[in-house]
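The values are calculated or read from the model by the stated rules, or taken from the named source; none is laboratory data. For clarity, every value in this text was computed on a predicted model and none was experimentally measured. Ideal geometry is used to build each Cβ from the backbone, glycine not excepted, and the neighbour counts take in all protein chains shown. Quick note on the areas: whole protein, heavy atoms, side chains included, nothing else; ligands and nucleic acids left out. Shrake-Rupley method; radii C 1.70, N 1.55, O 1.52, S 1.80 Å.
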Amino acid sequence: MSRSSNDLSVLSLFTGAGGLDLGLEAAGFEPVLCVEVDNESRETLKRNRPAWRLSDPGDIHELAPAQLLRQAGLKPRQLTLLAGGPPCQPFSKSMYWSTGDAPRLRDPRAKTLDAYLDAVEATLPQVLLLENVKGLTFDGKDEGLRLLERGLRRINKAHSTSYAPQTITINAADYGVPQIRERVFVLASVDGRQIEMPAPTHGEGPNKEPFLTAWDAIGELDVDSWPAELYASGRWARLLPSIPEGQNYLWHTPRNSESGGEPLFGWRTRFWSFLLKLAKTQPSWTIQAEPGPATGPFHWKSRLLSIEEMCRLQTFPRDYTIVGARRAARRQVGNAVPSALGEALRLGGAPAALW
């Protein structure tokens with residue numbers, strides 16, 4: 001099946017639970033193929049969007065370029081948008097705290113950047129989008145970004161394209177997501193045009209809406225009892241009730257002892273999300289994919305967030321079901337791009353601005 005050049009098509013790599021793709025769908029894009037290796041994520045996509053085609057095999061490293069094109073029903077240069085967020089762990093700030101450094105290109109998962117470039121060369125899309133954590137572009141530790149730039153120069157030389165990657169850091173809260181979530185987007189157009197991102201819609205200043213808060217998103221789910229799986233556990237769980245909402249372990253450092261905290265920890269000796277609690281009047285802190293028992297954000301009632309609450313903070317549609325046990329479901333939700341962000345950005349405000 002070949003496609004009309006008028007279609008707004010998106011080929012999704014590392015689809016996960018479909019967060020970004022749901023936003024792009026709402027913005028007018030038609031997903032033609034989703035490449036995802038995780039079984040629970042694939043079941044989530046089948047449950048909620050049975051019309052979306054899943055690649056076979058799901059492992060991008062085992063999917064030959066000819067297979068990718070055939071299964072997507074595409075010829076080179078027909079695709080509007082190639083989108084995906086390769087695994088971020090090789091570049092994650094969390095790795096610095098747990099090991100003293102992030103493995104970056106030494107991590108086998110970083111090979112997904114090469115696979116992403118292979119997909120670019122196979123499809124030669126009008127626009128490409130790659131989402132990742134800010135660590136991808138850290139000064140002096142930006143090997144991943146340099147790899148992408150080298151790969152695109154090679155593709156340009158081989159195929160007479162003009163991909164010129166631009167890197168944009170976005171906080172999802174600025175675009176109507178009830179969550180502070182900073183991520184990097186690498187964008188490039190086949191003809192070298194710069195892609196204008198729409199101005200933030202939320203925050204302080206004229207012509208902006210107030211930030212959406214955690215209460216806006218999950219306040220109606222606030223109850224006084226909850227299932228056993230939502231009780232906090234681990235060595236530090238007993239401290240959660242003593243920490244005010246919106247605060248973290250810093251409440252229990254010598255600097256806050258006069259305010260009611262205990263001098264249990266040194267100042268800035270833990271990762272920011274350690275014993276971090278939501279505040280009703282602020283956006284949520286970043287939802288984590290695989291947190292430890294003391295890693296927030298925790299609910300303001302000193303418990304874990306439910307999967308439904310996390311889905312709302314990530315702006316999944318209300319009727320969207322995440323398949324799998326709690327750990328697998330949390331991983332899917334925490335790894336997702338907020339759906340509302342994909343819809344709000346529209347890669348330039350409106351599709352007509354690009355294609």
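Of all residue pairs spaced 6 or more apart or on separate chains, those with beta-carbon atoms under 9 Å, a first member in segment 218-243 that is in contact (Cβ under 8 Å) with a residue 24 or more places away in the chain and small (Gly, Ala, Ser) and a second member that is assigned to a strand (DSSP E or B) and open to solvent by 50 Å² or more (accessible area, probe 1.4 Å) are Ala237/Tyr231.
For segment 224-239, check the following and say yes or no: at least one residue is open to solvent by 80 Å² or more (accessible area, probe 1.4 Å) and closer than 30 Å to Arg154 by Cβ. No, the conditions are met nowhere in segment 224-239. The set of residues from segment 6-42 being of a type outside the set (Asp, Glu), surrounded by fewer than 17 Cβ atoms within 10 Å (Cβ to Cβ) and not in a loop (DSSP other than H, G, I, E, B) comprises Ala26, Asn39.
Do we have Pro317 as touching a residue at least 40 places away in the same chain (Cβ under 8 Å), farther than 23 Å from Glu229 by Cβ and assigned to a loop (DSSP other than H, G, I, E, B) here? Yes: the conditions hold for Pro317. Taking the conditions (1) open to solvent by less than 40 Å² (accessible area, probe 1.4 Å); (2) under 30 Å from the mean Cα position of the chain (by Cα) in turn, Thr253 satisfies each one other than (2). Inclusion of Gln288 among residues that are farther than 21 Å from Ser225 by Cα, in a helix (DSSP H, G or I), in contact (Cβ under 8 Å) with a residue 12 or more places away in the chain and among the polar types (S, T, N, Q) is not warranted.
Before we move on, is Leu68 surrounded by 15 or more Cβ atoms within 10 Å (Cβ to Cβ) and over 19 Å from the mean Cα position of the chain (by Cα)? Yes, satisfied. If you go through segment 43-58 and pick out every residue that is open to solvent by 40 Å² or more (accessible area, probe 1.4 Å) and within 21 Å of Pro317 (Cβ to Cβ), you end up with 7. Being within 30 Å of Gln194 (Cα to Cα) and either surrounded by fewer than 22 Cβ atoms within 10 Å (Cβ to Cβ) or modelled with pLDDT under 95 (or both) is a property that does not hold for Ala325. Once segment 191-217 is narrowed to residues that are within 19 Å of Lys280 (Cα to Cα) and free of Cβ contacts under 8 Å to residues at least 24 places away in the same chain, the residue that is surrounded by the fewest Cβ atoms within 10 Å (Cβ to Cβ) is Glu204. For segment 268-285, a residue qualifies if it is under 22 Å from Gly176 (Cβ atoms) and surrounded by fewer than 22 Cβ atoms within 10 Å (Cβ to Cβ), and the qualifying residues are Ala279, Lys280, Thr281, Gln282.
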